[in-house]
Each structure stands twice: as structure tokens, then as C-alpha cells.
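Below you'll find the structure, written out as C-alpha cells, and then a few comments.
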Protein chains: 2
Amino acid sequence: DLLSHGQYETVYNFLSLVIASQLFTAVFLLVSLPRILPRYRQAITVAIIVCGIAAYHYFRIFDSFKAAFVTTSVGGTGDYTQAVGQGFNEGYRYVDWLLTVPLLLVELVAVLALARSVQSRLLARLVPAAALMIALGYPGEISGDNGIRGLFGLLSTIPFVYILYVLFVQLGKSLDKQPAGVRKTLSRLRFLLLLSWGVYPVAYLLPLLNISGSDAWVYKQVGYSVADILAKAVYALIIFHVARIKSFDDD
Amino acid sequence: DLLSHGQYETVYNFLSLVIASQLFTAVFLLVSLPRILPRYRQAITVAIIVCGIAAYHYFRIFDSFKAAFVTTSVGGTGDYTQAVGQGFNEGYRYVDWLLTVPLLLVELVAVLALARSVQSRLLARLVPAAALMIALGYPGEISGDNGIRGLFGLLSTIPFVYILYVLFVQLGKSLDKQPAGVRKTLSRLRFLLLLSWGVYPVAYLLPLLNISGSDAWVYKQVGYSVADILAKAVYALIIFHVARIKSFDDD
Ligand SMILES: CC1=C(/C=C/C(C)=C/C=C/C(C)=C/C=O)C(C)(C)CCC1
Ligand SMILES: CC1=C(/C=C/C(C)=C/C=C/C(C)=C/C=O)C(C)(C)CCC1
């Protein structure tokens with residue numbers, strides 16, 4: 001495929017934005033960790049790891065992108081073509097998600113500080129479903145065939161819907177037991193989760209729509225990038241905010 | 001465009017100066033954090049993150065500059081021309097500002113330690129306006145067309161003026177409630193902010209004036225670099241000073 005200079009710069013700068021967002025959210029949380037009560041440090045520690053894993057993978061994705069698209073124009077202002085002997089590795093995203101999506105659910109359950117047995121019961125459902133969702137999406141993502149992409153997208157949607165069901169119905173019940181100061185923030189957090197997680201299947205579907213090839217690919221990269229910032233960095237900052245308020249309340 | 005050896009060295013060394021200033025302001029604040037009362041640590045933590053993000057982006061900008069301009073002269077003393085297949089990515093600055101400008105406002109509001117509701121009200125106005133200002137500037141910056149540059153520069157000035165209005169009029173009221181020992185420093189801080197933030201639109205306009213091409217570009221890079229040192233590193237040190245004095249007063 002061919003990318004115009006504008007398309008190349010758009011993907012380039014969005015990938016760069018994600019690196020900085022994840023890396024410095026992780027640093028911020030690391031520096032702020034002592035200001036959180038020990039009870040909520042597990043949630044923040046997991047958030048640091050999630051953002052750290054993402055920063056690492058985006059460094060890789062960025063390098064992969066730069067190696068995969070090249071130009072012979074002076075000042076790099078012309079069209080970019082695919083390099084000889086190097087491709088863009090979309091697999092980094094799936095490796096990242098396979099690790100981070102279960103951890104995001106751990107983070108959420110940890111900040112609620114529910115009874116131990118309730119926590120384990122929730123995670124025993126959410127974590128395998130999350131891993132299954134990502135694993136089923138991968139064969140569709142790397143396949144050039146739209147039929148296979150659609151089929152695995154559909155299969156992956158089953159655990160996706162199940163996760164949303166658990167989060168909204170099961171977890172909804174325990175929201176009433178949260179302190180009043182954070183109840184609204186927590187319920188907003190679920191909507192951020194729905195909104196940001198919802199971007200992934202939409203971005204995944206783009207190549208199936210009749211958008212001309214490289215546009216669909218650029219939108220998909222931008223979509224995944226923005227969703228990753230919302231689902232990891234912004235999400236982590238809200239979790240941090242909840243943990244801070246609960247730390248005050250408990251003090 | 002062509003850069004003379006002197007122009008190349010000027011930009012090179014200013015970029016290098018910014019890296020050192022931001023990186024070591026961040027390190028200084030990190031080491032000094034425990035000497036600040038917990039109440040003001042949020043402001044200093046945000047300052048650390050801002051300088052860290054800037055240091056990271058200046059490493060990138062520096063590398064991008066070195067890759068984008070090349071010479072075939074012995075000892076590098078000749079003219080520098082644009083490289084084949086690589087351009088200078090001005091986008092790093094906008095990615096940086098998109099993250100740091102809202103954070104600089106968070107930093108300022110945090111060190112004032114106002115009531116929670118006043119803080120949220122101020123930030124709910126300042127942060128979106130700051131993000132909008134930067135996002136509107138970007139299309140003008142990357143466009144080669146002076147008309148588009150002027151148009152987006154004008155649009156971006158609307159949220160800019162609004163931010164200054166909120167800072168000077170709204171925030172002015174709460175200055176009276178600050179301890180006497182820091183009132184003068186805080187009001188000076190607002191002038192540093194006005195002075196340093198004012199450099200950006202001026203540097204942005206340079207290519208519109210009739211300065212010959214590469215001179216305007218060099219002045220723009222120097223202007224953005226100096227302004228970044230004032231608006232982030234010097235600003236952070238003044239915030240640190242305010243936090244230290246307040247820490248004594250509250251003790
Ligand atoms: C439903 C569905 C998908 C869902 C992906 C999701 C929901 C990913 C979430 C990722 C997060 C939250 C990452 C980072 O933080 C796939 C795999 C694209 C395949 C198509 C169907
Ligand atoms: C008004 C205006 C601008 C203002 C930029 C400003 C005010 C940037 C501030 C950056 C800071 C404070 C950075 C680092 O710390 C632009 C976007 C150049 C576009 C032209 C119009």
C-alpha cells in the first residue's frame with residue numbers, strides 16, 4: 001500500500017503521542033504511589049505495569065512503522081511505499097492486549113476493594129474471557145481475507161459481550177457499597193470503559209467497509225491509538241483519582 | 001531549504017540546551033519532592049511530568065533535526081541540505097504541547113491549593129481551551145500555505161485569549177487569599193506565563209513575515225526552544241519556590 005505524506009505524518013504523530021502518554025502516566029503513578037493508602041496500592045501498581053507494557057509496545061510499533069514505510073523524496077514530503085524486506089507488525093498490539101486487557105480488569109476490581117471472595121469470583125470470569133477475546137481476534141487481524149476477518153471478529157465478540165455483561169450487571173450491584181464520594185466517578189469509569197473498548201471492534205471492522213485501502217488502515221491505526229490512550233492512561237488516572245479520594249475518606 | 005553552518009549550529013545547540021534544562025529540572029524536582037509538604041506534592045509531581053515529557057520530546061526533536069539536515073562538507077562546516085527520505089518532524093512539538101499545556105495549568109491551580117470545587121471549576125475551563133488551542137494550531141503549522149497558517153493561527157488565538165482572561169481575571173480574585181509571602185511571587189508567575197506563552201504565537205507568525213525562508217525557520221526554532229525553557233523549567237522552579245514557602249508557612 002501507498003501512504004501519502006499527510007497519512008504517514010498522521011500515523012507517525014499519533015503513535016508518538018501514545019508513547020508519551022503511556023510512559024509518563026506510568027512515571028506519574030510511580031512518583032505518586034506513596035500518596036495512596038497501602039490498601040489501594042495494588043490497583044495503582046497494576047496501572048503502572050499496564051501503562052509500562054503499552055509504552056514498551058508502542059516503542060516497538062513506532063520503530064516497526066518507520067522501518068516498514070519509506071520514501072525517496074527529499075525532506076520526506078512525498079509518498080511512502082512499503083519497504084523491501086520489512087513489514088509493519090500488527091502483532092505487537094495483540095501481544096500488548098493479551099497482557100494488558102486482563103490486567104485492566106484486575107485494576108478495576110482491585111480499586112473497588114471488595115471482599116476477597118467476591119474479587120476472585122469476578123476475576124475468574126473476566127480474565128479468561130478477556131484473554132479469549134484477544135486470542136480470537138488475532139487470526140482475523142493478520143488474515144488478508146475479509147471472510148476470515150469477519151468470522152473471527154464475530155467469535156471474539158462473544159467473550160466481549162460477556163465481559164460487558166459481567167461489568168455492568170454483576171459489578172453494578174457492588175457499586176452501591178462504594179463510598180458516596182466515588183460512586184459517580186466509578187459509574188463514569190464504566191462508561192469510559194464501554195466507550196474506549198467499543199472503539200476496538202469498530203477499528204477492526206474498518207477494512208471490511210468499502211473505504212479505500214490505505215484510508216481504512218490509517219483510521220484503524222488512529223482508532224487503536226486513541227482507544228489505547230483512553231483505555232489505559234485516562235482510565236489509570238481516573239482509578240488514581242478514585243484511590244486518592246478513598247484514601248482521604250479512610251484516613 | 002538550505003541551512004548555513006552557523007544556522008545549523010544555532011538550532012543544534014539550542015535544542016541541546018532545552019534537553020539539558022528540562023531533564024535536570026525534572027531530576028532536581030524529583031530529588032526535592034520529599035522536602036515539600038504533602039499538600040503541595042501534586043503540583044510538583046505534575047511539574048516533574050511536564051519537564052520529563054518535554055525532555056523526552058526534545059530528544060526526539062534533536063534526532064529528527066540531525067537526520068533531516070545533512071552536509072557533504074569535510075568537518076561539517078559547509079551548507080546543510082534536506083536529507084533524502086527524512087524530514088524534520090515539527091509534529092513532536094504539538095504532541096508535546098497537547099500534553100504539557102493542560103498540565104501546566106493543572107500545576108498552577110494545584111499550587112494555589114484552592115478549595116476542591118474552585119479547582120475543578122477553573123480546570124474545567126482551562127484544560128479544554130488549552131487542548132483546543134494546540135489542536136487548532138497544528139493544521140496551520142504543517143501546512144506550507146501561508147493563508148492556511150494565518151487562518152488556523154487566528155482560530156487558535158480565540159482559546160488563547162480565553163485562557164489569559166480566565167488566568168488574569170478569574171484567578172486574580174483568589175490571589176488575595178494566598179499567604180502574603182507568596183502573593184508577589186504568584187503575581188510575577190502570571191507575567192512569566194504571559195511573556196513565555198506570548199512567544200509561541202509570535203514564533204508561529206515568523207514564516208508569514210517577509211523574512212527570507214530559512215532565517216524565519218531558524219528564529220522559529222530558537223523562539224520555541226527558549227519559550228519552552230521559560231514556560232516549563234523556569235516556571236516549574238518558581239512553582240517549587242512557592243510550594244517551599246507555603247510549606248514553611250503551614251508548618
Ligand atoms: C470485540 C472484538 C475485538 C475487541 C477488542 C477489545 C475490546 C480490545 C480491548 C483492548 C484494550 C482495552 C486495550 C488496551 O488497553 C477485537 C479483538 C478487535 C476483534 C474484533 C472483535
Ligand atoms: C495562540 C497561538 C498558538 C499558541 C500557542 C501556545 C500559547 C503554546 C504554548 C505552549 C506552551 C506553554 C508550551 C510548553 O510548555 C499557536 C498554537 C502557536 C498557533 C498560533 C496561535
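The values are calculated or read from the model by the stated rules, or taken from the named source; none is laboratory data. Predicted model only: the values in this text are computed from it and were never measured. Methodologically, a virtual Cβ is constructed for each residue, glycine included, from the backbone with ideal geometry; neighbour enumeration extends over all protein chains shown. Side chains included, ligands, DNA and RNA excluded: accessible areas come from the protein's heavy atoms. Shrake-Rupley method; radii C 1.70, N 1.55, O 1.52, S 1.80 Å.
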**Message:** Take the residues in the stretch A:129-149 that are open to solvent by less than 30 Å² (accessible area, probe 1.4 Å) and not β-branched (Val, Ile, Thr); name whichever of them is nearest to ligand 1 (Cβ to nearest atom).
**Reply:** A:Gly137
**Prompt:** Could we say that A:Thr45 is within 14 Å of chain B (Cβ to nearest Cβ) and either assigned to a helix (DSSP H, G or I) or surrounded by fewer than 16 Cβ atoms within 10 Å (Cβ to Cβ) (or both) here?
**Reply:** no
**Asked** Within the stretch B:198-228, which residues are within 17 Å of B:Ala47 (Cα to Cα) and either more than 13 Å from the chain's Cα centre (by Cα) or buried (at least 21 other Cβ atoms within 10 Å of the Cβ) (or both)?
**Response** B:Asp228
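What residue, among those in the stretch A:29-39 that are in a helix (DSSP H, G or I), open to solvent by 10 Å² or more (accessible area, probe 1.4 Å) and in contact (Cβ under 8 Å) with a residue 24 or more places away in the chain, is farthest from B:Ile49 (Cα to Cα)? Spell out the reasoning first.
Filtering the stretch A:29-39 for residues in a helix (DSSP H, G or I) gives A:29-35, A:38-39.
Keeping just the survivors that are open to solvent by 10 Å² or more (accessible area, probe 1.4 Å) gives A:30-31, A:33-35, A:38-39.
With in contact (Cβ under 8 Å) with a residue 24 or more places away in the chain added as a condition, the list becomes A:35, A:39.
Details: A:Arg35: 16, A:Arg39: 25 Å.
Applying the filter and picking the extreme gives A:Arg39.
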**Asked** If A:Leu209 satisfies every condition in (1) at pLDDT below 90; (2) in contact with a Phe, Trp or Tyr (Cβ under 6 Å, 6 or more places away or on another chain) but one, which is the exception?
**Response** (2)
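In the stretch A:11-22, is there at least one residue being open to solvent by less than 40 Å² (accessible area, probe 1.4 Å), within 13 Å of chain B (Cβ to nearest Cβ) and assigned to a loop (DSSP other than H, G, I, E, B)? It would help to see each step written out before you state the result.
Looking only at the stretch A:11-22, we keep the residues that are open to solvent by less than 40 Å² (accessible area, probe 1.4 Å), and these are A:11-13, A:15-22.
Narrowing the set further to residues that are within 13 Å of chain B (Cβ to nearest Cβ) leaves A:11-13, A:15-22.
Adding the requirement that they be assigned to a loop (DSSP other than H, G, I, E, B) leaves none.
No, the stretch A:11-22 contains no residue that is open to solvent by less than 40 Å² (accessible area, probe 1.4 Å), within 13 Å of chain B (Cβ to nearest Cβ) and assigned to a loop (DSSP other than H, G, I, E, B).
State which residue is nearest to ligand 1 (Cβ to nearest atom) when the search covers only the stretch B:175-227 and only residues that are β-branched (Val, Ile, Thr) and free of Cβ contacts under 8 Å to residues at least 40 places away in the same chain. I'd like the intermediate steps shown before the answer.
Step one: of the stretch B:175-227, the residues β-branched (Val, Ile, Thr) are B:182, B:185, B:199, B:202, B:211, B:218, B:222, B:226.
Still in the running and free of Cβ contacts under 8 Å to residues at least 40 places away in the same chain: B:199, B:202, B:211.
Details: B:Val199: 37, B:Val202: 40, B:Ile211: 46 Å.
Top of the filtered list is B:Val199.
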**Asked** Do we have any residue at all in the stretch A:73-93 that's open to solvent by 10 Å² or more (accessible area, probe 1.4 Å), within 16 Å of ligand 2 (Cβ to nearest atom), among the hydrophobic types (A, V, I, L, M, F, W, C) and over 30 Å from A:Phe168 (Cα atoms)?
**Response** no
**Item:** Given (1) open to solvent by 30 Å² or more (accessible area, probe 1.4 Å); (2) more than 14 Å from every other protein chain (Cβ to nearest Cβ), number of the condition A:His5 does not satisfy
**Value:** (2)
**Residue tally, condition more than 7 Å from every other protein chain (Cβ to nearest Cβ) and in a loop (DSSP other than H, G, I, E, B), over the stretch B:76-88** = 5
**Item:** Set B:Phe24, B:Phe28, B:Phe59: member being under 30 Å from A:Asp79 (Cα atoms) and modelled with pLDDT of 95 or more
**Value:** B:Phe59
**Message:** Being at the interface with chain A (Cβ under 10 Å from one of its Cβ atoms) and free of Cβ contacts under 8 Å to residues at least 24 places away in the same chain is the filter here; which residues of the stretch B:49-69 pass it?
**Reply:** B:Tyr56, B:Ala67, B:Ala68
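Go over the candidates A:Val161, A:Val70 one by one and state the one that is β-branched (Val, Ile, Thr), away from ligand 1 (no atom under 12 Å from the Cβ) and open to solvent by 40 Å² or more (accessible area, probe 1.4 Å). Break it down stepwise before answering.
Working: A:Val161 fails: away from ligand 1 (no atom under 12 Å from the Cβ).
Going through A:Val161, A:Val70 in turn, the sole match is A:Val70.
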**Asked** B:Asp249 fails exactly one of the following numbered conditions: (1) surrounded by 14 or more Cβ atoms within 10 Å (Cβ to Cβ); (2) assigned to a helix (DSSP H, G or I); (3) more than 14 Å from the chain's Cα centre (by Cα). What is the number of that condition?
**Response** (1)
